[in-house]
1. Which of the strands (runs of 3 or more DSSP E) contained wholly in the stretch B:310-428 include at least 1 residues that are of a type in the set (Ser, Thr, Tyr) and more than 13 Å from chain A (Cβ to nearest Cβ)?
2. Scan (1) touching a residue at least 24 places away in the same chain (Cβ under 8 Å); (2) within 24 Å of B:Ala416 (Cβ to Cβ); (3) surrounded by fewer than 19 Cβ atoms within 10 Å (Cβ to Cβ) for the single condition B:Pro288 breaks and write down its number.
3. Could you please let me know if B:Gly397 is on the phi > 0 side of the Ramachandran plot and exposed (fewer than 14 other Cβ atoms within 10 Å of the Cβ)?
4. Go through the stretch A:26-45 and give me each residue that's farther than 29 Å from A:Leu81 by Cα and away from chain B (no Cβ under 14 Å).
5. Which condition breaks for B:Val232 when tested against (1) surrounded by fewer than 23 Cβ atoms within 10 Å (Cβ to Cβ); (2) in contact with a Phe, Trp or Tyr (Cβ under 6 Å, 6 or more places away or on another chain)?
6. Take B:Arg31 and tell me if it is under 25 Å from the mean Cα position of the chain (by Cα), at pLDDT 95 or above and outside the structural domain of B:Ala302 (by TED's automatic domain parsing).
7. Consider the stretch B:326-353. How many of its residues are surrounded by fewer than 20 Cβ atoms within 10 Å (Cβ to Cβ) and on the phi < 0 side of the Ramachandran plot?
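The values are calculated or read from the model by the stated rules, or taken from the named source; none is laboratory data. No experiment lies behind these values; they were computed from the predicted model shown. Note that we place each Cβ from the backbone using ideal geometry, even for glycine, and neighbour counts take in every protein chain shown.
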Amino acid sequence: MAAPEEIETAVAALSESSGLEFRVTDVPVIGTNLYVVYARNHPLPEKYTVSSATLGFRVPGNFPDAGPEDSFFLQPDDIRLKEDDPVTHTRNLNRASSNQDFVRGTELEGAALVFSWHLWEKRPWSRSKNTLIDHYAHCVRRFDQPEHD
Amino acid sequence: MPSSKRLPTCALTSEVHIACESNRWKEIEERLRKESPNEACVFAFTRQSRGSSRTTSILRECFWPVDGDVQASPHWLEISADYISRVMDAAVDAGESTGIALIHTHPDTEYGIGRGVFSGRDDWYEARLFPTITLARPKAISASIVLGSASKDIDARVWWNDGSGVRTQPANLLRLVGPEITFIETPHSDWRDHPDPSMMDRSTRLWGAEGRRILQNLRVGIVGVGGTGSIVLFSLATMGVGRICAWDIDTMKKENLHRTLGATKDTIGSNNVEAIAPTIRAIATATPFDLMPFDSSGTSTAGLIKLKDCDLAFCCVDRFAPRVPLNDFAYAHLVPVIDMASWIDASEKTVDAIMTHAHVWSPGIPCAWCRQTITSRRLTREAQGDQRDIERRAPYGLPLEQTDGVEPSVLPLNVAGVGLALLEFMQVALKVTKRTPRDLKLFLPEWELDESDLDSQFECDTEDATGLGDTARIRPVS
């Protein structure tokens, strides 16, 4: 099995644009039609407990008619802040939680730290205009925001 | 007199249609007829729609002549080499599968009524023009059309180059597609009337002998033959539709019997279409009647090719994903699709909300994206399957509520939805009222029938690709 050609092509374009080696899983997550696009050793902000991790997001098999999910994840799932956030007074990452099923049945099998990050609700995904490059740019903007925002 | 024996006639496919958006055709006809009593002509781009047994040449952009491009009398036309060159250059720029159609008129003259048949002079001229137009463009199908002075008196043919020279084949039918379809038979039409018209007496009193002839010869596709598709199939066969292609990949289960017409306990384990095909053939009122059942998906690559042989289709699938290619297909290939869907929200014997809708996808009516039947959000949510809405829960540490996605489905609601869709079918194919509605929705518990007022969106990808035929990229869904 392999991911649909449309996703493979979009992932190649994302790799070229970002300079990172993005891949897509050969199979969808069990119980879904979602393939996982991910990059290992993705750099993370200085404030996190690790400097790099696997960063990924899930893309429907009928991409680009259907856009990526409004979320992304990191692995391992125990990444935290080095110091307490001044507002939330915790080292937990805001609006992020560990989930066992997020990449179930793929080569990334294991818990993932899933981030909520709503962009496509406010500006609906356009199958002819938007790309995975847009989605990735939107995901990593999360790291530029104050942690408690 | 037609003299096609002198032309290099060949068979591209067993059937050939010319299709055009009805508004575009109206403009072409009006502008050309204004030049009467002289003959008149225009070049138009064509895109092809290649099915398994039918080729359709779709008329698109027109290139109207300017001063000096055409000299005309009531008996002849002279087209300048400059006009031809300009159009050919533009076709090359438009892509290798863009063909060229020459459309011209035969107005009434002192010798009699202008007839819509190719004259000996037309044959002579086109046999010299089309080798040039088709040269080195093997992927393009070109066309020529002649209009007589009466509105439905038309002849047409397609031209192509098979590598060893120019070839031509008469077109059987002209399809004008907007919110409704108008069929114009050429002298080469193979349409037949029902051999015993009295059998259809009560229906013929509504749509006339012409409507009966359309139904007898119409080829309708039904994608999905489950709760709604089986009712559509029974209804069309009973109404006298002569040619039906039906697709369903699923196998009949005991859980389907309570809402699938024609299914019996003996058919459990058979393919959904194969299970009811013998009954459908037995009840069909058209003569001849041709039912082609397919135990595969109508939105697969092969299914979409076969669907190009159809004049109209019903979308009776229960997911959003296959609606995407069917919606795109309707506009790109000028094959109207009538979409239907039902939805029930219930709790403990009480219906909280019911909706069934029937929506025509065809040029002149906003598409499924514009009407928000299909949204990216809905498609993504559907792709989440067992993990529906996980992105709204998982980040907050909330438990994932598993669902198998199966919703209620009951026969009365499906019959109501099919009823709406069949009324729309009568309008699209037979024009029984003045206009085709946009999107009819029946709501409970309000017991209201609403017509949506959503318009086409600015820069709609689907509607921008109207008439592009095989040039439009449509992603199959299996």
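1. B:337-347, B:350-361
2. Condition not satisfied by B:Pro288: (2).
3. When the stated conditions are applied, B:Gly397 passes them.
4. Of everything in the stretch A:26-45, just one residue is farther than 29 Å from A:Leu81 by Cα and away from chain B (no Cβ under 14 Å), namely A:Asp26.
5. (1)
6. no
7. Of the residues in that region, 9 qualify.
Results for (1) modelled with pLDDT of 95 or more; (2) buried (at least 17 other Cβ atoms within 10 Å of the Cβ); (3) hydrophobic (A, V, I, L, M, F, W, C), shown as yes or no for each residue.
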site	(1), (2), (3)
B:Pro363	yes, yes, no
B:Thr373	no, yes, no
B:Gln387	no, yes, no
B:Gln402	no, no, no
B:Val406	no, no, yes
B:Ser409	no, yes, no
B:Pro412	no, no, no
